[in-house]
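Colleague: Pasting in a structure now, in structure tokens, and then I'll have a few things to ask.
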Amino acid sequence: MRLERTYVMVKPDGVQRGLVSNVIARFERRGLKVVGLKMLQIPRELAQEHYGEHKGKPFFEALVGYIISSPVVAMVLEGKNAVAVARDMMGATDPQKAAPGTIRGEFGLDIGRNVVHGSDSTTSAEREINLFFGQDELVEYRMETEAWIYE
Ligand code: DAT
Ligand code: MG
């Protein structure tokens, strides 16, 4: 049985601040399996498509400008309730409101520099995974630790 997948990315501020390893380590430690991983600088058109739901909002242009300003690290994580688990670990959109211990609650101070992205539903996850990864970039494998992560 293949478990749920989610799309997560370390945003340009996270990469520039050297937080990539810390962010990935948290997800790994939780038990989520990395099944896709790459660095890229997002083309403007892809950024506009990724954030399509926010088109027309006052922060849209700044958001797109920020996400294309420097490379990001994109990943696909797999695990039980991966979408909700990753969102919980990221914390609230506004780092000022993010709980201590979450990624945004530990590393962020400004909503426009909130370090990470994570899909908000399984539908968004599927859409975003397909936007950023080709099927040939995703791997299917068994981790020997699975029996110790799942009952
Ligand atoms: P999330 O990234 O938690 O899924 P979202 O999808 O509502 O949040 O918004 C996407 C990004 O846009 C978010 O990470 C930061 C930015 N953003 C959202 N609401 C904003 C606002 N009111 N002012 C400025 N930036 C905002
Ligand atoms: Mg969102």
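The values are calculated or read from the model by the stated rules, or taken from the named source; none is laboratory data. A quick note: this is a predicted structure, and the numbers were derived from the prediction, not measured. All Cβ positions, glycine included, derive from the backbone under ideal geometry; neighbour counts span all protein chains shown. The accessibility values were calculated without ligands, DNA or RNA, using every heavy atom of the protein model including side chains. Shrake-Rupley method; radii C 1.70, N 1.55, O 1.52, S 1.80 Å.
Colleague: Report, ordered by chain and residue number, the lysines lying within cross-link reach of LYS80, taken as a straight Cα distance under 28 Å and ignoring same-chain residues fewer than 8 apart.
Modeller: Straight-line reach from LYS80, under 28 Å: LYS11, LYS33, LYS38, LYS97.
Colleague: Right, next: Order 84-93, 105-114, 17-26 from most to least packed using the mean count of other Cβ atoms within 10 Å.
Modeller: On the way: 84-93: 19.0, 105-114: 17.1, 17-26: 15.3.
The packing order, highest mean first, is 84-93, 105-114, 17-26.
Colleague: Distance from a point 7 Å along Cα→Cβ of GLU151 to each backbone N in segment 65-102: keep the residues under 17 Å and list them by number.
Modeller: 80-81
Colleague: A further question on this structure: Can you work out the PRE-style zone for LYS80? Point 7 Å along Cα to Cβ, and I want the residues of segment 131-151 with backbone N under 13 Å.
Modeller: Residues 146-151 fall inside that zone.
Colleague: Please calculate how many Å² of accessible area the chain carries per residue, with a 1.4 Å probe and no DNA, RNA or ligand atoms counted.
Modeller: Working: 8280 Å² over 151 residues.
Ligands and nucleic acids excluded, the figure is 55 Å² per residue.
Colleague: Related question: Apply the Karplus curve 6.51 cos²θ - 1.76 cosθ + 1.60, θ = phi - 60°, to the phi angles in segment 103-108 and return the couplings in whole Hz, x for Gly and Pro.
Modeller: So the J values, rounded to whole Hz, are 4, 5, x, 9, 10, x.
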